[in-house]
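Asker: Below you'll find the structure I mean.
Taken together, the values in this text are just the output of simple stated rules run on the coordinates, not laboratory data. Remember, it's a predicted structure, so these values are computed and weren't measured experimentally. With ideal geometry, Cβ positions are generated from the backbone for all residues, glycine too; neighbour counts draw on all protein chains shown.
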Amino acid sequence: MATDPSELMAHVKDSDSFHLPCGVHVHIPQVLEPIGIELTKFMVLELVAAVLIIVVFVPLAWKISTGKRPRGRLWNFLEVVLLFLRDEVARPAIGRRDADRFMPFIWTVFFFVLTCNLFGMIPWAGSPTGALGCTLALALMTFGTVVGSGIKKYGFVGFWIAQVPQMELPFVVAVFVKPMIFFIEVVGLLIKHFILSVRLLANMFAGHLVLAVIVGFIAVAAKQHIMVWSGVMLGSVLGAAALSLLELFMAFLQAYIFTFLSALFIGMAIHQH
């Protein structure tokens, strides 16, 4: 566990290098600079997360597709998580008939968010989900899936018309009321997905911020009497350790919430008012 507040805050701050112990800085080669793309720490961690998911789940999918039973605690644990997401998240939110079509997206989102969250528990790594760019991109993918699935089922015009609930209104009233409701529903659709990204960002950023403040008490008390400093240090270290365990729980919880809300939005799109 990192003890320097600056190291803790580095988990949610992007940069062009990795800051390792003893002042070692590993700069990321800017191989894409000629085309105007700057590689950053979070981009590398997101790529590592994607590779880890492929390395872990492709063999599992191969074993299942060939009829072999996944043996071992890791494989059984992963299979339990996959079944939980299907039976307790996707099917209740989307519907049993339609949920299986979206399971690749649901599973991928959950494990990608979870892996990025867990990177924040590794000293000198970082939490890509503590940056708006990452969470906003994830929310945009959910938004694209929501709108795309709705348009596929109802057609382009039908999907947007269905945003207005069915109401028995006089024609004169409907001419004024329904456009306003349509505008509110569309804005609400955009806001829901923006909040989806901000919710994940705020929770991951706040965890590291609180840890940095608690550990920062040690530096504040450094000029005080040794007894005062020792008490503050012990309390800060114990508090940081306890919050680190809470943050580990939050890494799983926030991945679940993001996935659940994504499934809920998809279900709302393909099952209109």
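Asker: For PRO59, what charge total do you get from the other residues with a beta carbon under 14 Å from its beta carbon, if Lys and Arg give +1 and Asp and Glu give -1?
Answerer: Once positives and negatives cancel, what remains is +3.
Asker: Which chymotrypsin sites (Phe, Trp or Tyr not before Pro) does segment 114-212 hold that lie in a coil by DSSP with at most 15 other beta carbons within 10 Å?
Answerer: Answer in residue order: TRP124.
Asker: Would you work out if segment 58-165 is rounded, prolate or oblate? Take a ≥ b ≥ c from the square roots of the eigenvalues of the alpha-carbon gyration tensor; rounded if a/c is under 1.5, else prolate when a/b is larger than b/c, oblate otherwise.
Answerer: Cα axes put segment 58-165 in the oblate bin.
Asker: Going by C-beta contacts inside 10 Å, put GLU33, GLU46, GLU79 in order with the fewest on the left.
Answerer: Ascending number of Cβ neighbours within 10 Å: GLU33, GLU79, GLU46.
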